[in-house]
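In what follows, a single structure is set out as structure tokens and then discussed.
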Amino acid sequence: MYDNPYEQNKHKQSQETMKRKIDVAAKRRKAETVIKNGQIVDVFNQELIEADVAIQDGSIVGIGQYDGEHIINAQGKYIAPSFIDSHVHIESSMVTPQTFAKVVLPHGVTTIIADPHEIANVAGAEGIQYMLDSSENLALNVYMMVPSCVPATRFQNAGAVLKAEDIAPFYQHPRVLGLGEVMDYPSVNHNEETMVQKLYDAYIKNVKVDGHAAGLGPDAINVYMTAGIRTDHESISVQEAKDRLQRGMYLIIRQGSVAKDLPQLIDVITDKNARRCLFGTDDKHIDDLVAEGSINHNVKLAIQHGVDPINAIQMASLSAAECYGLDQKGAIAPGYDADLLILSDLRQVEIEQVFSAGKRVAEKGKYIAQQENNVQPPPTLKHRIRVADMTTEQLNIHMASSHSAHIIGIVPNRLVTEHLVEDVQVDQGLFQSSVERDQLKLAVIERHHQTGNVGLGIVKGLGIKKGAIATTIAHDSHNIITAGTNDQDMLYAVKAIKDMGGGLVIVENEKVVASLALPIAGLISGDSVEQVHYTLKELKAGLRYIGASMEFNPFLTLSFLALPVIPDLKITDKGLFDVINFKHIDVEVNE
């Protein structure tokens, strides 16, 4: 067995296949398929060329004039390399890998670099293995980065702990490309032994390492680069993006359901540095994937902000392939995989047909490939909501000597939050949610080990006028997180989550307004995309009914309030967390 996936990929074809391809390239025999009368998007020279594209055994074998057994007439349309999502968590779509493939392929995405750290935080190595097994033999090329930080930090309880020896065996898998986003900067900076071992194992295996440098300045980027970490998807300003590019990092420009960073970062792109810039969605709900697409949306948005169309396509293909060592992907050229698109409009990124390994897998927005993977999740990935019955006393936020509190301030469509200090309503020494002030109680309930932990805080910006919401999608440890206007509805929402086996729920007057069950690890539905999409529409209507802000996705925003590695203030099952100073703090301001 080869030591790393790059070598494995190079040796996967037989000698007979290679000979056949060479014969076609040399025009001694007809190609399986030839695409004629198209304008090829040349991402190497940033220009359009008119030539045939010859395809044999899943690969492009020639650009020029070719005869084929099967002829596709492009009718003057554009032939472009298909798109690569450089950083995505499939679990955030709330559907299985098989269903996810059916959704993104019609949007021109034929390759993804997935990080299964959501399910790993719930179920450890078993969760990773399920994601690998259920993504085999799909028309979508699913590569993975093995999670580096399970749990994300020591300041929370996740469902699993993955040490270096737990993740190292996954490097032998042909679709594992390296170590997933390293988000525990303090552990890297201070040479914490378990983190250094993970980084050193990746170094020895000569695999890639992704970063997660939220809020980190130039000096911290120096540390990350020295540790072998080569990408970041957390930049939120041009200066942060430039700092990373100057120090040799690949810049992943994210446009997802919560974090919509592309408009703020797009000005950093030039003809000189575009080869080091790529696109990722990170976390994107299935309704957003259906409505606006995946990486095709990033490409279209970049063009709208002034990026040259070929440059934008190059970032979504060749740049991503080069970053992750996928040297047979990302271009329309001999020796590259026949993963390509036929576009009717270059600027509007209108996709007519999608090909993966030379096979047509989508046409005019419809998935048409044959699904060969029917892997089901093991029973152990279900029934993972382990929470005892709760009382309202467990939600009490005591305000003994002050009416001033530390509050999490939501920044719409951003993962960062504000650390607010405001006066709050207090009754008999206890905090009271206030709809008028938009100050709502927030709780994280540990759901993996029955610790009984309940972390409490206050959130401003959700806009909820009545009732409560709750979900088991709470990055990255995925405990139960709930926010509401009153304790009774919050408790009822937690009970509903437990009864469903995980998911999302809206409650008012101790009645369920809308809900979506996610029985696979509390993260994923086994239903069809149509059913999940319909239920999400019901949830959106329910959010509108209880008065939640429609300026952003309240459930997705709520889920990231539990991630204690993105500034400024977050919450875990152990309490309110100051990310800047990396410590838990009291809700009450101690004068």
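The range 545-591 and the range 402-433 have Cα centres spaced 10 Å apart. For the pair the range 268-321 / the range 31-89, the C-alpha centres are spaced 20 Å from each other. Rounded to the nearest 5, the antiparallel percentage of DSSP beta bridges internal to the range 157-301 is 10%. Between (1) 3, 15, 24, 23, 15, 10, 6, 3, 1, 0, 0, 0; (2) 3, 15, 25, 27, 19, 7, 3, 1, 0, 0, 0; (3) 4, 18, 27, 26, 16, 7, 3, 1, 0, which entry matches P(r) over Cα pairs in 10 Å bins from 0, in percent as derived from the coordinates of this structure? Matching the structure shown: (3). The mean sequence distance of close C-alpha pairs (under 8 Å, at least 6 residues apart), as a share of the length of the chain, puts its relative contact order at 15 percent. Quick check: the distance between the Cα centres of the range 488-502 and the range 435-467, to the nearest angstrom? Centre-to-centre (Cα) distance: 13 Å. For the listed residue pairs 537/583; 242/537; 366/540; 205/366; 242/364; 284/441, the alpha carbons are over 29 angstrom apart in 537/583; 242/537; 205/366; 242/364. In the chain, the longest principal axis of the Cα atoms and the axis of helix 193-205 are about 10 degrees apart. Counting neighbouring beta carbons within 10 Å and listing from fewest to most, the residues 44, 100 come out as 44, 100.
Look at 71, 546, 310, 524 and count the other Cβ atoms within 10 Å of each Cβ; fewest to most, that gives 71, 310, 546, 524. Distance between the 7 Å Cα→Cβ label points at residue 363 and residue 551: 4.6 nm. Computing FRET efficiency as 1/(1 + (r/R0)^6) for residue 50 and residue 27, where r is the C-beta to C-beta distance and R0 is 22 Å, gives about 0.75.
The stretch between residue 488 and residue 154, if pulled fully straight at 0.36 nm per residue, gains 117.2 nm over its current Cα-Cα span. Taking every DSSP beta bridge that has both ends in the chain, the antiparallel portion is near 70%. Each Cα pair under 8 Å and six or more residues apart adds its sequence gap; the mean of these over the residue count of the range 382-585 is a relative contact order of 22 percent. Computed from point charges on the beta carbon alone (+1 for Lys and Arg, -1 for Asp and Glu), the dipole magnitude for the chain about its Cα centre is near 1300 Debye. If a spin label sat at a point 7 angstrom from the Cα of residue 246 along the line to its beta carbon, the backbone N atoms of the range 220-239 nearer than 11 Å would be those of 239.
Legend: ranking of residues 489, 339, 67, 232 from fewest to most surrounding C-beta atoms inside 10 Å; resulting order 67, 489, 232, 339.
3J(HN,Hα) along the range 76-85: x, 7, 9, 10, 10, x, 6, 9, 10, 8 Hz, from the Karplus curve 6.51 cos²θ - 1.76 cosθ + 1.60 with θ = phi - 60°, whole Hz, x for Gly and Pro.
Simple spin-label estimate for residue 430 and residue 204 gives 5.5 nm between the two label positions (7 Å along the Cα-to-Cβ direction from each Cα).
When you restrict to C-alpha pairs under 8 Å that are six or more residues apart and normalise by the size of the range 524-591, the relative contact order lands at 13 percent. Here r is the Cβ-Cβ distance between residue 193 and residue 348 and R0 is 35 Å; the resulting FRET efficiency, rounded to 0.05, is 0.10. When DSSP beta bridges are restricted to pairs lying wholly in the range 382-585, around 95% turn out antiparallel. Stretched out straight at 0.36 nm per residue, the stretch from residue 267 to residue 67 would grow longer than its current Cα-Cα span by 67.6 nm. If R0 is 41 Å, the Cβ-Cβ spacing of residue 530 and residue 400 corresponds to a FRET efficiency of close to 0.20.
Quick note: the coordinates plus some simple rules give every number you see, no bench work behind them. Everything numeric here is computed off the predicted structure, so don't read it as measured data. Every residue, glycine as well, gets a Cβ built from its backbone with ideal geometry; the counts of neighbours run over all protein chains shown.
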